[in-house]
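Structure record follows, encoded as structure tokens.
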Amino acid sequence: MRELSDWTCEFGGLVIGRPGSPVSLVAVDGLLTLPDIRSSDLALVQRHGLWAGDDYMGGRTVTLTLEVYGRTDDEFARAITQVQAAFAPAMPEARFRFRFPGAAGGRTAFINARTRKRSGPLDLNFAYRVCNIIVELFATDPVIRSEQDREVKVTSAAGSAAAPVVRFTQRGSRVLLPRITVTNAVRPSLENVVTGERFAVDYTGSLVIDSAYNRVYSVGGNVDLAAKVSSDSVWPLYGPGTHFVRLTSTDTAKPAVARWSWADEWV
């Protein structure tokens, strides 16, 4: 997909906010707001307070205020029709893409959403070919994701050299649970240099560590390697900010390579 310009967004094939476009963006609400929270707190019987349960996120509502205008009646009518077509009801969820400096790391990000409401008054302004249209989008998955996947490559030591430490920055607001592919490894160990936590697997070959699903398997998915994970291993996860990682392999003649891959996420 094409990269969006700053202060533009796209939904249903309609790009909003481009210079010279008859559809401009007035306001967006819901991207920096927490989604609804489902609480499982319970009232305590004959006691003050509540029993604290887990909180879970519900869906996310994003409200767009658009200004539609035209120099002629025909241009105005076409712009109104474009908005109606893009924000049609009863359609499957589609990507609402946006690029607003300061939000989602300032890069193009998206949520999957559908149109739930759309309103626009026929008033005096409309007679002068100007109309403010308010659109409400609803996303069943409230997580905002970067459109561009990121990757960090780490190699193990070669010969007598020390294993190099690689620095990377996690830009998202959620804890990162990466997918790590390790190739040409002999009993590989991944270490978080700052915390000292490591994840080690007693295996020779190429493997995948999927932190999001707590799975370890050979490349191709043919062999489950859960039984090969060392008992003191901690699943790789990284909070927002800068991290330092290192890969070691017992075979120093042929360095192993690990690739962290992920998409930054925000709520």
### Summary
Checking G12, G58 in turn, the sole residue that is in contact with a Pro (Cβ under 7 Å, 6 or more places away or on another chain) and either more than 26 Å from P142 (Cβ to Cβ) or modelled with pLDDT of 95 or more (or both) turns out to be G58
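Out of all the residues in the range 177-195, is one or more small (G, A, S), in contact with a helix residue (DSSP H, G or I) (Cβ under 9 Å, 6 or more places away or on another chain) and in contact (Cβ under 8 Å) with a residue 12 or more places away in the chain?
Within the range 177-195, not a single residue is small (G, A, S), in contact with a helix residue (DSSP H, G or I) (Cβ under 9 Å, 6 or more places away or on another chain) and in contact (Cβ under 8 Å) with a residue 12 or more places away in the chain.
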### Message
Just to be sure I understand the filter: pairs with C-beta atoms under 7 Å, separated by 6 or more residues or on different chains, first member in the range 25-53 and in a strand (DSSP E or B), second member among the β-branched types (V, I, T) and surrounded by 12 or more Cβ atoms within 10 Å (Cβ to Cβ). Which pairs pass?
### Response
L25/I16; V26/T65; A27/T65; V28/V62; D29/T63
### Summary
Residue hits (the range 224-262; buried (at least 16 other Cβ atoms within 10 Å of the Cβ), at pLDDT below 95 and among the small types (G, A, S)) are S249, A256
### Task
Report, ordered by the first and then the second residue, all pairs with beta carbons closer than 8 Å, sequence separation of six or more or different chains, a first member in the range 214-227 that is assigned by TED's automatic domain parsing to the domain that holds L176, and a second member that is basic (K, R).
V216/K228; D224/R215; A226/R215
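Residue by residue through the range 10-62, note down the ones that are β-branched (V, I, T), under 19 Å from A113 (Cα atoms) and crowded, with 16+ Cβ neighbours inside 10 Å. Break it down stepwise before answering.
Our first condition is that a residue be β-branched (V, I, T); within the range 10-62, this holds for 15-16, 23, 26, 28, 33, 37, 45, 61-62.
Now restrict to residues that are under 19 Å from A113 (Cα atoms): 15-16, 28, 33, 37, 61-62.
Selection gives V15, I16, V28, T61, V62.
For V186, are the conditions met, namely being modelled with pLDDT under 95 and loosely packed, with under 14 Cβ neighbours inside 10 Å?
Details: modelled with pLDDT under 95: yes; loosely packed, with under 14 Cβ neighbours inside 10 Å: no.
Considered against the rule, which asks whether it is modelled with pLDDT under 95 and loosely packed, with under 14 Cβ neighbours inside 10 Å, V186 comes out as no.
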### Message
Name the single residue that is farthest from M1 (Cα to Cα) among those in the range 106-132 being under 16 Å from the mean Cα position of the chain (by Cα) and assigned to a loop (DSSP other than H, G, I, E, B).
### Response
R107
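Of all residues in the range 54-76, which are in contact (Cβ under 8 Å) with a residue 24 or more places away in the chain and over 24 Å from W266 (Cα atoms)? Lay out the reasoning, then the answer.
Taking the range 54-76 and keeping what is in contact (Cβ under 8 Å) with a residue 24 or more places away in the chain, we get 57-73, 75-76.
The answer is L66, E67, V68, Y69, G70, R71, T72, D73, E75, F76.
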### Residue among T252, T242, T204, T248 that is under 30 Å from P142 (Cβ atoms), of a type in the set (S, T, N, Q) and not assigned by TED's automatic domain parsing to the domain that holds I111
T242
### Query
Within the range 147-156, is there a residue that is in a loop (DSSP other than H, G, I, E, B), among the hydrophobic types (A, V, I, L, M, F, W, C) and either closer than 30 Å to L66 by Cα or assigned by TED's automatic domain parsing to the domain that holds S218 (or both)?
no
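Any idea which residue in the range 91-105 is surrounded by the most Cβ atoms within 10 Å (Cβ to Cβ), counting only those that are in a loop (DSSP other than H, G, I, E, B) and in contact with a strand residue (DSSP E or B) (Cβ under 8 Å, 6 or more places away or on another chain)?
To start, the set of residues in the range 91-105 that are in a loop (DSSP other than H, G, I, E, B) comprises 91-93, 100-103.
Then keep just the ones that are in contact with a strand residue (DSSP E or B) (Cβ under 8 Å, 6 or more places away or on another chain); that gives 91-93, 100, 103.
On the way: M91: 11, P92: 6, E93: 15, F100: 20, A103: 15.
Filtering first and then ranking leaves F100.
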### Query
Given the structure, is A77 closer than 26 Å to R2 by Cα and assigned by TED's automatic domain parsing to the domain that holds L14?
no
### Message
Regarding the range 156-163, can at least one residue be identified that is more than 14 Å from the chain's Cα centre (by Cα), among the hydroxyl-bearing types (S, T, Y) and surrounded by 17 or more Cβ atoms within 10 Å (Cβ to Cβ)?
### Response
yes
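The values are calculated or read from the model by the stated rules, or taken from the named source; none is laboratory data. The structure presented is a predicted model; accordingly, all values stated were derived computationally and were not measured. Quick reminder, even Gly has a Cβ in these numbers, built from the backbone with ideal geometry, and neighbours come from all protein chains shown.
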